[in-house]
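Asks: Before we start, here is the structure in question, set down as structure tokens.
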Amino acid sequence: VHQAAAFLRESEPGIQELWIAIEPTDSATPPDIFILKQTLRGRVPAYMVPKRIVFVPVMPLTPNGKVDRRAVAAVAGAA
């Protein structure tokens, strides 16, 4: 994993889900989602395990070089 960003996504009105967008280090072989979730289940509380993991080719950044979470949510939603 090169970069990752977590964000909330509304699945139904009033219901928020945790999603994670990942920019893989090597685009030819993205990480296995099952293994990522299993690893997270062993390290963080259940509510911090994302409902969905999506891969983005390039993580959108702000002009300051920080992850643009709004743009990530838009790119991930289109994936």
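The values are calculated or read from the model by the stated rules, or taken from the named source; none is laboratory data. This structure is a prediction, so every number in the text was calculated from the model and none was measured. For neighbour counting, all protein chains shown are included, and Cβ atoms are generated from backbone atoms with ideal geometry for every residue, glycine included. Note: accessible area is taken over every heavy atom of the protein model, side chains too, but ligands, DNA and RNA are not part of it. Shrake-Rupley method; radii C 1.70, N 1.55, O 1.52, S 1.80 Å.
Asks: Select, from V67, V58, V49, the only residue that is among the β-branched types (V, I, T), within 20 Å of L8 (Cα to Cα) and touching a helix residue (DSSP H, G or I) at 6+ places or on another chain (Cβ under 6 Å). Please lay out each step first, then the result.
Replies: Numbers: V67 fails: touching a helix residue (DSSP H, G or I) at 6+ places or on another chain (Cβ under 6 Å); V58 fails: touching a helix residue (DSSP H, G or I) at 6+ places or on another chain (Cβ under 6 Å).
Step by step, each of V67, V58, V49 is checked, and only V49 is among the β-branched types (V, I, T), within 20 Å of L8 (Cα to Cα) and touching a helix residue (DSSP H, G or I) at 6+ places or on another chain (Cβ under 6 Å).
Asks: Within the stretch 6-24, is there a residue that is among the hydroxyl-bearing types (S, T, Y) and part of a strand (DSSP E or B)? So that I can check it myself, show each step before the final result.
Replies: First, pick out the residues of the stretch 6-24 that are among the hydroxyl-bearing types (S, T, Y): 11.
Okay, now just the ones that are also part of a strand (DSSP E or B), so 11.
For the stretch 6-24, residues among the hydroxyl-bearing types (S, T, Y) and part of a strand (DSSP E or B): present.
Asks: Right, another one. Look at V54 and say whether it is of a type outside the set (D, E, K, R) and open to solvent by less than 40 Å² (accessible area, probe 1.4 Å). Working first, answer last.
Replies: Working: of a type outside the set (D, E, K, R): yes; open to solvent by less than 40 Å² (accessible area, probe 1.4 Å): yes.
It is true that V54 is of a type outside the set (D, E, K, R) and open to solvent by less than 40 Å² (accessible area, probe 1.4 Å).
Asks: Quick check: is even one residue across the stretch 29-40 among the polar types (S, T, N, Q), in contact with a strand residue (DSSP E or B) (Cβ under 9 Å, 6 or more places away or on another chain) and part of a loop (DSSP other than H, G, I, E, B)?
Replies: Of the stretch 29-40, the ones among the polar types (S, T, N, Q) are 29, 38-39.
Add one more test, that the residue is in contact with a strand residue (DSSP E or B) (Cβ under 9 Å, 6 or more places away or on another chain), and what stays is none.
No, the stretch 29-40 contains no residue that is among the polar types (S, T, N, Q), in contact with a strand residue (DSSP E or B) (Cβ under 9 Å, 6 or more places away or on another chain) and part of a loop (DSSP other than H, G, I, E, B).
Asks: From the list P24, P13, P63, exactly one residue is open to solvent by less than 80 Å² (accessible area, probe 1.4 Å) and either free of Cβ contacts under 8 Å to residues at least 60 places away in the same chain or over 12 Å from V1 (Cα atoms) (or both). Which is it? Show your work before the answer.
Replies: Working: P13 fails: open to solvent by less than 80 Å² (accessible area, probe 1.4 Å); P63 fails: open to solvent by less than 80 Å² (accessible area, probe 1.4 Å).
On inspection, the qualifying residue turns out to be P24.
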